[in-house]
Every structure is written in C-alpha cells, then in structure tokens.
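Undergrad: One structure, pasted below without further comment.
The values are calculated or read from the model by the stated rules, or taken from the named source; none is laboratory data. Here the structure is a predicted model, which means the values were calculated and not measured. In this analysis, Cβ positions are derived from the backbone assuming ideal geometry, glycine residues included, and neighbour counts consider all displayed protein chains. Accessible surface is based on the protein model in full, side chains and every heavy atom, while ligands, DNA and RNA are left aside. Shrake-Rupley method; radii C 1.70, N 1.55, O 1.52, S 1.80 Å.
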Amino acid sequence: MRFLAKNFLNGMLTIVPILLAVYVCYKVFTVLDGLLGQYVRPYLDGRYIPGLGLLATVALITVCGWLSTQYVSGRLIRLIDRLLESIPLMKTVYSVAKDTIASLIGEKRSFSKVVLVTLPESGWKCLGFITMDDVGAWHDPLADYVAVYVPQTFQVAGLTLLVPKEQVEVIDMAPEEAMKFILSGGVAARTQKRLPEQ
C-alpha cells in the first residue's frame, strides 16, 4: 500500500504540472488563434490550419504598430486616443487597459523593481513591485511615498499599497522570480542566488 501511495504521489508531482502547463498554453493558443481565425476560416474552404488566426493577429498588431509611427495614420490614431479618453465610461476602461499594457511591455515597465516592504509594528516583510515612484505628483501630501503592488498568493488579485519610502527596500531579484515566489506561496523558492542578509 505504501508503495502505491508513494508512486501515486510521484506521478502527481510529475504529470500534473506538465498537464497544467500544456492545458494553459493550449487555452491561450485557442483564444488568440480564434480572434481572427473565425474570419480567416471561411475563405480557406476547409483547409484552415490551426495557428493561422494567431499569425493574422500578430500581423495585424504589427501593422497597427507601424501605422502608429507614420505621420497621417499616427495623427489619426492619436485622434482616436483623445476621443476615447473623453467618453466618460470608455475613458476609465481604455485608460486602465492602456496603462496596464504599457506597464507590462512598454519602455517604462512598472514591474521592473522588486521591493521588500517592512510592515510597521510587526516588522514583517512582504514582496512587491514599485508601480509609481513619485506619488507626490498625484497627491502632494504623499511626496515621500511610493506605490507598491503586492500580488496575492495563488491568485491573480493583489493590493496596491502607498508606502513611505523608508519602509521600501529595492532588492536584486528578477521580477519573474519574485512573481513566481509570491504566487506559489514561497514554494517556488529562489535557488540560484540568495537574498542578501538583513
């Protein structure tokens, strides 16, 4: 019985992560492929190859990116940008989506600085990411504060904390490693390089 239980657990540790990774990649691929794939498929008379929709999506995004750098089309895109930011409900959705994407893949990535935040009284520490260095530009009394995003373990959600700068310590840790550590509850520990001693 112990032999069966041991090998069952080994099987779980071996196969479940593989299945989850394959399933997530498959679902992401299916969603991205279906964005334009549904419009490409009718023109191919049953000869549709999975992945053509994804290629069409990548091509469309690339063309739009190129058009945004051209004089006439760039002015048109900026006009649409200003129009969307002037419509009450659309303004909120559009600005949040735009700022979030820019913070993840733009030139000024907001999740590039990993920090340790010291909690007052208890002295406990938590990992987070600086999303705004100059909170005072937004609200003057908070000139000595920074905005720190703290993801929650095993969730996509998180907290945005406004923390005094003296309670924030930037550490030498890759954002991907920090996110893996947080989301796994510390199970996916960093192995290659230890954090410096406090």
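Undergrad: Here are the criteria: (1) open to solvent by less than 70 Å² (accessible area, probe 1.4 Å); (2) assigned to a loop (DSSP other than H, G, I, E, B); (3) of a type outside the set (S, T, N, Q). Tell me which single one Pro120 does not satisfy.
TA: (1)
Each row is one residue, and each column tells you yes or no for (1) closer than 29 Å to Pro151 by Cα; (2) modelled with pLDDT under 85; (3) among the aliphatic types (A, V, I, L, M).
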site: Leu60; (1), (2), (3): no, no, yes
site: Val63; (1), (2), (3): no, no, yes
site: Tyr71; (1), (2), (3): no, no, no
site: Ser95; (1), (2), (3): yes, yes, no
site: Ala102; (1), (2), (3): yes, yes, yes
site: Val114; (1), (2), (3): yes, no, yes
site: Gly123; (1), (2), (3): yes, yes, no
site: Phe129; (1), (2), (3): yes, no, no
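Undergrad: Also, I was wondering about something else. Considering Asp144, Asp133, which residue is open to solvent by 90 Å² or more (accessible area, probe 1.4 Å) and of a type outside the set (Gly, Ala, Ser)? Working first, answer last.
TA: Numbers: Asp133 fails: open to solvent by 90 Å² or more (accessible area, probe 1.4 Å).
Sole residue among the options that is open to solvent by 90 Å² or more (accessible area, probe 1.4 Å) and of a type outside the set (Gly, Ala, Ser): Asp144.
Undergrad: Touching a Leu at 6+ places or on another chain (Cβ under 7 Å) and either under 26 Å from Val163 (Cα atoms) or modelled with pLDDT under 80 (or both): does that describe Val40?
TA: Numbers: touching a Leu at 6+ places or on another chain (Cβ under 7 Å): yes; either under 26 Å from Val163 (Cα atoms) or modelled with pLDDT under 80 (or both): no.
No.
Undergrad: Over 30 Å from Ile130 (Cβ atoms) and among the small types (Gly, Ala, Ser): is that true of Gly46 in this structure? Steps first, answer last, please.
TA: Numbers: over 30 Å from Ile130 (Cβ atoms): yes; among the small types (Gly, Ala, Ser): yes.
Yes: the conditions hold for Gly46.
Undergrad: Provide a single number: the residues in the range 36-75 that are assigned to a helix (DSSP H, G or I) and either surrounded by fewer than 15 Cβ atoms within 10 Å (Cβ to Cβ) or out of contact with any helix residue (DSSP H, G or I) (no Cβ under 7 Å at 6 or more places or on another chain) (or both).
TA: Taking the range 36-75 and keeping what is assigned to a helix (DSSP H, G or I), we get 36-44, 52-67, 71-75.
After this cut, where a residue has to be either surrounded by fewer than 15 Cβ atoms within 10 Å (Cβ to Cβ) or out of contact with any helix residue (DSSP H, G or I) (no Cβ under 7 Å at 6 or more places or on another chain) (or both) as well, the list is 38-39, 41-44, 55, 58-67, 71-75.
Going through the range 36-75 one residue at a time, the tally reaches 22.
Undergrad: Right, another one. Could you tell me whether any residue of the range 160-175 is surrounded by 13 or more Cβ atoms within 10 Å (Cβ to Cβ), modelled with pLDDT under 80 and in contact with a helix residue (DSSP H, G or I) (Cβ under 9 Å, 6 or more places away or on another chain)?
TA: no
Undergrad: While we're on this one: Quick check on Val24: is it aliphatic (A, V, I, L, M), surrounded by 10 or more Cβ atoms within 10 Å (Cβ to Cβ), within 24 Å of the chain's Cα centre (by Cα) and within 30 Å of Val187 (Cα to Cα)? First the steps, then the outcome.
TA: Working: aliphatic (A, V, I, L, M): yes; surrounded by 10 or more Cβ atoms within 10 Å (Cβ to Cβ): yes; within 24 Å of the chain's Cα centre (by Cα): yes; within 30 Å of Val187 (Cα to Cα): yes.
Yes, satisfied.
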